[in-house]
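Working notes, structure below.
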Amino acid sequence: MAQGDSERVQQARKLAGADPRKAEQIYKDIISQPPSATSDAAVREYETALVSLGELYRDEKNSQELVGLVTKSRTVLSSFAKAKTAKLVRQLLDLFNDIPNTTDIQISVTKSCIEWATSERRGFLRQNLETRLVTLYMAKQSYYDALTLINGLLRELKRLDDKLVLVEVQLLESRVYHALGNVSKARAALTSARTSAASVYTPPLLQANLDMQSGMLHAEDKDFNTAYSYFIEALDGYHTQDEPQRAQAALQYMLLCKIMLNLVDDVNQLMTSKQATKYAGQSLEAMKAIARAHANRSLEEYERALAAYKYELGSDAFIRNHLRRLYDAMLEQNLIKVIEPFSRVEIDHIAKMVGLDTQQVERKLSQMILDKVIIGVLDQGAGCLNIFDEAQRDVAYDSALATIEKLSNVVDVLYTNQASMLE
């Protein structure tokens, strides 16, 4: 309890645990009267009561009352200094983060606050709220709405030359494009963010977010060694800023890099490190199970790990996508090992050997034939795979094709010249 708190605030805080309704009434009495702008004590009492009431609603998971509090308080906050108003609005909106399943409510109340900030001509607060709205759109996977908002913000911020907010928005742009699968645009946006960050002081948490995104994009290019080094930097940043959830995610990504590089010994060393001990949990145990299955080249063990840690391995899109690629690679290796001794083999036999469904194996074999991983054809009538020896490529065909292409170019030039002469 802060020393500067008034008697009414202290009384309400004592009652909050035993009788929350009485505490709520005291807080409401305080904020019902706008404080005198000339009295610092009255303003401080109002601020404390406002945030404390919001925290009470947050603890009770009462999102509707919290929405009402944000809406009603804006009338009084209009008379406060711009910096103080921005801080209090952000504090109140942050309280929603601890209430589950409130993304739609947060989007609605944030839009309402943006309209209010626009009408009050509070540009800095509006930009901050629009940046928050982009994050909420991403959480809801409304990526095109997020991009529309980002494009407007970027135009405005570049004109105002507000580098710090520009870095945040460019980083969000990179994340949106990454989520949409457009890695080249995601990389370009991240490069712009790093360029903007080079000319301004970047807070440690924002720098950690930049490193995290850099690691993810390098992993998309299968450069897992560089990705690993970025994830280390991100982990250090999150650790110093006391962000346990993000630190655990960075540690998971580090383990994923080692698994993709097939460095099982490094995975075991990382699991016994100081960071792994501090952030130990089901997420790290899930990665350990995947590493064990990959080391054993066991698809059955791999699928058991996916089933046992469904939430830990399925809730993160980055991990989910890379584990799918890892599974495909393991399946290919197992299939190649099984069919290697044969020139003709039943698909049912292959399915039994790898412990998978016949249709699943048939689909994978079709894909491998199209990708030219194996040279063969599927005889679906007989339910067999026919494998051929790889034939030597006849260089005469390549020479003939090159000659025909050159002759075609010559004919095109002659035709063009003849047409110009006729004109």
Requested in this report: Filter segment 103-123 for residues that are modelled with pLDDT of 90 or more and either of a type outside the set (Val, Ile, Thr) or more than 20 Å from LEU149 (Cα to Cα) (or both) and give the result.
Outcome: ASP104, GLN106, SER108, LYS111, SER112, CYS113, GLU115, TRP116, ALA117, SER119
Query raised in the report: So which of LYS84, LYS14, LYS22 is closer than 24 Å to LYS111 by Cα and not β-branched (Val, Ile, Thr)?
Result: LYS84
Query raised in the report: Any idea how many residues of segment 280-303 are without any contact (Cβ under 8 Å) to a residue 24 or more places away in the chain and either in contact with a strand residue (DSSP E or B) (Cβ under 6 Å, 6 or more places away or on another chain) or of a type outside the set (D, E, K, R) (or both)?
Result: 5
Query raised in the report: Say we look at segment 33-53 and pick out the residues that are in a helix (DSSP H, G or I) and over 41 Å from the mean Cα position of the chain (by Cα); which of these is modelled with the lowest pLDDT?
Result: ASP40
**Report entry** Leading residue by the ranking (farthest from MET368 (Cα to Cα)) among those in segment 302-331 that are of a type in the set (Asp, Glu) and surrounded by 17 or more Cβ atoms within 10 Å (Cβ to Cβ)
**Finding:** GLU312
Report task. For segment 367-385, name all the residues that are surrounded by 11 or more Cβ atoms within 10 Å (Cβ to Cβ) and within 21 Å of GLN333 (Cβ to Cβ). Result -> GLN367, MET368, ILE369, VAL373, ILE374, ILE375, GLY376, LEU378, LEU385
**Report entry** Residue in segment 365-384 that is in contact with an Asp or Glu (Cβ under 8 Å, 6 or more places away or on another chain), among the polar types (S, T, N, Q), free of Cβ contacts under 8 Å to residues at least 60 places away in the same chain and part of a helix (DSSP H, G or I) present
**Finding:** no
Report summary line: Here the residues within segment 304-320 that are free of Cβ contacts under 8 Å to residues at least 40 places away in the same chain, closer than 19 Å to ARG246 by Cα and part of a helix (DSSP H, G or I) are TYR311, GLU312, LEU313, GLY314, ARG320
Query - Residue list for segment 350-361, restricted to those being part of a helix (DSSP H, G or I) and surrounded by 17 or more Cβ atoms within 10 Å (Cβ to Cβ) - result: ILE350, ALA351, VAL354, VAL361
Query raised in the report: Scanning segment 74-101 for residues that are closer than 24 Å to GLY17 by Cβ and not hydrophobic (A, V, I, L, M, F, W, C), which turns out nearest to the chain's Cα centre (by Cα)?
Result: ASN97
**Report entry** Unique residue being within 28 Å of LEU133 (Cα to Cα), without any contact (Cβ under 8 Å) to a residue 12 or more places away in the chain and not β-branched (Val, Ile, Thr) when the list is ALA49, ALA42, ALA18, ALA83
**Finding:** ALA83
Report task. Test ASP389 against the stated conditions and say whether it is at pLDDT below 80, touching a helix residue (DSSP H, G or I) at 6+ places or on another chain (Cβ under 8 Å) and acidic (Asp, Glu). Result -> no
Report task. List the number of the failed condition for LEU407; all other conditions in (1) at pLDDT 80 or above; (2) under 30 Å from ILE347 (Cβ atoms) hold. Result -> (2)
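Here's the yes/no breakdown for (1) over 20 Å from MET260 (Cα atoms); (2) modelled with pLDDT of 85 or more:
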residue: ARG304; (1), (2): no, yes
residue: ILE319; (1), (2): no, yes
residue: GLU332; (1), (2): no, no
residue: VAL345; (1), (2): yes, no
residue: HIS349; (1), (2): yes, no
residue: LEU385; (1), (2): yes, no
Requested in this report: Give me a count of the residues in segment 15-31 that are at pLDDT below 85 and either surrounded by fewer than 13 Cβ atoms within 10 Å (Cβ to Cβ) or part of a loop (DSSP other than H, G, I, E, B) (or both).
Outcome: 3
Report summary line: Going through segment 234-278 in order, the residues found to be surrounded by fewer than 19 Cβ atoms within 10 Å (Cβ to Cβ), over 17 Å from the mean Cα position of the chain (by Cα) and within 22 Å of ALA317 (Cβ to Cβ) are LEU261
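The values are calculated or read from the model by the stated rules, or taken from the named source; none is laboratory data. Bear in mind that the values here come from a model prediction, so they are computed numbers and not experimental data. A quick note on method: Cβ atoms are made from the backbone with ideal geometry, for glycine too, and the neighbour counts reach across all protein chains shown.
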